[in-house]
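To start, the structure itself, in structure tokens.
The values are calculated or read from the model by the stated rules, or taken from the named source; none is laboratory data. Computed from a prediction, not measured in an experiment: that's the story for all the values here. Here the Cβ positions follow ideal geometry from the backbone for every residue, glycine too, while neighbour counts run over all protein chains shown. For the accessible areas, the whole protein counts, side chains as well, though only heavy atoms, and no ligand, DNA or RNA atoms are used. Shrake-Rupley method; radii C 1.70, N 1.55, O 1.52, S 1.80 Å.
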Amino acid sequence: MFLLILLLLLDFLRLGTAMIFFNLKLFIKTFGCNINKNETEKIYFLIKYFKIKLIKEFIIANIYILNSCIIRKNSQIKILKELKKVFFVKKFNKIILILTGCYPELNNINYILFKKIEIVLNSSTNLFIKKILCFYLKYKKKIFFIKKKIFYNIKKINKFVQIMIGCNENCSYCIIPQIKGKETYFNYNSILNYIKYISKNSFSEITLLGQNVNSYNFKKINFNCLLYNISKIKNIKRINFFSSNLFYFNINYFFLYKNIKKISNHIHLPIQSGSNNILKKMNRKYSNFNFLFFIYNLKKIKFTTISTDFILSFPKEKFKDYDDTLKIIKKVIFFEIYFFLYSKRQNTISFNFKEENFYLKNMKLKIFKNYIIKNIKKKIIKTRILVIGYLKKNIFIGKMDNLKFVFFEYYKLNIIGKFIEINIINNKKNIYLGIYEKFYYNY
């Protein structure tokens, strides 16, 4: 023990900082799980040989160590609030602020925020905290150890391609036709040439964009023709599109969907309301029966995931109309639902409609949220994914047809860029865990 203390003293004297450590007050705050608490204990064990006193109030501290956690957004907000408190106290008391833990390992870190911090350490540099602290006390220079990348070898494979602008529909609530004007379709040959060009630059997945993407019609070449010709491009492995309108789908689309595997198995199809009465007032050109019949036919062809949009509390919406919307959720197993309260916009037909009471709107919104939590089923037993890269320790990442990410375990890099079949075993919010089974197909 005596020998260890002697060696430490020699180390301090060599750096010329032995006296600086005497009578310093240390405050440590830990966010997150037991792993972080264990890390905090290690940090304290490494620096406790200095004559540092551990205190319970950070206002009188000389050194403040913040061990951070970012597993939830709420934790991140708490860390930022805590940092603001310390920044305020630093105006009146000189505190050496050390930030460690998960936060410095974020990709989208706030470098402006870090300028106000003396030492930033990632998890792997905590072991060197003694030398780092000594170096700072001697030279008074800020020290940052920031992990800039978390993901490795992830290919950027998806490219958005806009094929049209504007809208001809004139839905009673929508301001897009007034802003964007009537539908204008981009040149068919230009679209194909552009997709051929990007397919040579590692892009193997495209997403076609438009206000009503499936209403595309350029010189007698409609949306179905466009899909068919894009599918003939060798390097393109998956074709997504949104946002589509039920009114413009025809029987030919079912034929393409059945025979072209490159067309995504996920479709985003906004219904807006489950009530025929409200759909008429919205000037939508379909009924809830049309919607259900279309979904039924899609799912009959092959496994399909569906997402949709709902507008709640549309003017003159009765409780029967609201109930019809809730019934649609039970009839169709949606993968994802986006819902919004009706928003009044100038220069729209519904601008002069009488809006609902504010409290009634909020009540409907709360009921809808609770109903979704009880009825929406996100669990997918088996699906195909396109592998886009790997993390480390044999953990790979892929994208489903609905553009959600899946993490799974494998051991060979040659799987990247290929379609495989995955069994989903667990999901939490938008993160999915899967087990690899076999190659789905190759082009």
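Of all residues in the stretch 418-435, those that are crowded, with 17+ Cβ neighbours inside 10 Å and outside any strand (DSSP E or B) total 1. For residue 271, are the conditions met, namely being under 15 Å from residue 317 (Cα atoms), surrounded by 21 or more Cβ atoms within 10 Å (Cβ to Cβ), of a type in the set (A, V, I, L, M, F, W, C) and touching a Phe, Trp or Tyr at 6+ places or on another chain (Cβ under 6 Å)? In short, no. I'd like the residue in the stretch 289-312 that is surrounded by fewer than 21 Cβ atoms within 10 Å (Cβ to Cβ), modelled with pLDDT under 90 and of a type in the set (S, T, N, Q) and, out of all such residues, is farthest from the chain's Cα centre (by Cα). Filtering the stretch 289-312 for residues that are surrounded by fewer than 21 Cβ atoms within 10 Å (Cβ to Cβ), modelled with pLDDT under 90 and of a type in the set (S, T, N, Q), the one farthest from the chain's Cα centre (by Cα) comes out as 304. With respect to the conditions (1) out of contact with any Asp or Glu (no Cβ under 6 Å at 6 or more places or on another chain); (2) open to solvent by less than 20 Å² (accessible area, probe 1.4 Å); (3) closer than 30 Å to residue 405 by Cβ, residue 232 lacks only one, and its number is (2). Annotation note: Cβ proximity below 6 Å between a residue of the stretch 158-169 that is under 13 Å from residue 238 (Cα atoms) and a residue that is open to solvent by 10 Å² or more (accessible area, probe 1.4 Å) (sequence gap 6+ or interchain) occurs for 159/203; 160/209.
Within the stretch 252-261, restricting attention to residues that are in contact with a helix residue (DSSP H, G or I) (Cβ under 7 Å, 6 or more places away or on another chain), in contact (Cβ under 8 Å) with a residue 40 or more places away in the chain and not hydrophobic (A, V, I, L, M, F, W, C), the residue that is surrounded by the most Cβ atoms within 10 Å (Cβ to Cβ) is 257.
Is it fair to say residue 239 is part of a strand (DSSP E or B), among the hydrophobic types (A, V, I, L, M, F, W, C) and within 22 Å of residue 188 (Cβ to Cβ)? Answer is yes for this residue.
Given the condition modelled with pLDDT of 80 or more, over 22 Å from residue 206 (Cβ atoms), of a type in the set (Ser, Thr, Tyr) and open to solvent by less than 40 Å² (accessible area, probe 1.4 Å), answer yes or no: does some residue in the stretch 358-381 qualify? Scanning the stretch 358-381 turns up no residue that is modelled with pLDDT of 80 or more, over 22 Å from residue 206 (Cβ atoms), of a type in the set (Ser, Thr, Tyr) and open to solvent by less than 40 Å² (accessible area, probe 1.4 Å).
Residues in the stretch 24-52 that are outside any helix (DSSP H, G or I), open to solvent by 30 Å² or more (accessible area, probe 1.4 Å) and over 15 Å from residue 100 (Cα atoms) were compared, and the one that is modelled with the highest pLDDT is 25. Restricting attention to the stretch 402-417, the residues that are within 24 Å of residue 240 (Cα to Cα) and in a strand (DSSP E or B) add up to 4. Remark: residue 276 falls outside the filter, which requires a residue to be open to solvent by 30 Å² or more (accessible area, probe 1.4 Å) and on the phi > 0 side of the Ramachandran plot. For the stretch 182-229, a residue qualifies if it is buried (at least 19 other Cβ atoms within 10 Å of the Cβ) and of a type in the set (Asp, Glu), and exactly one does: 205.
Number of residues in the stretch 73-116 that are modelled with pLDDT under 75 and β-branched (Val, Ile, Thr) equals 2.
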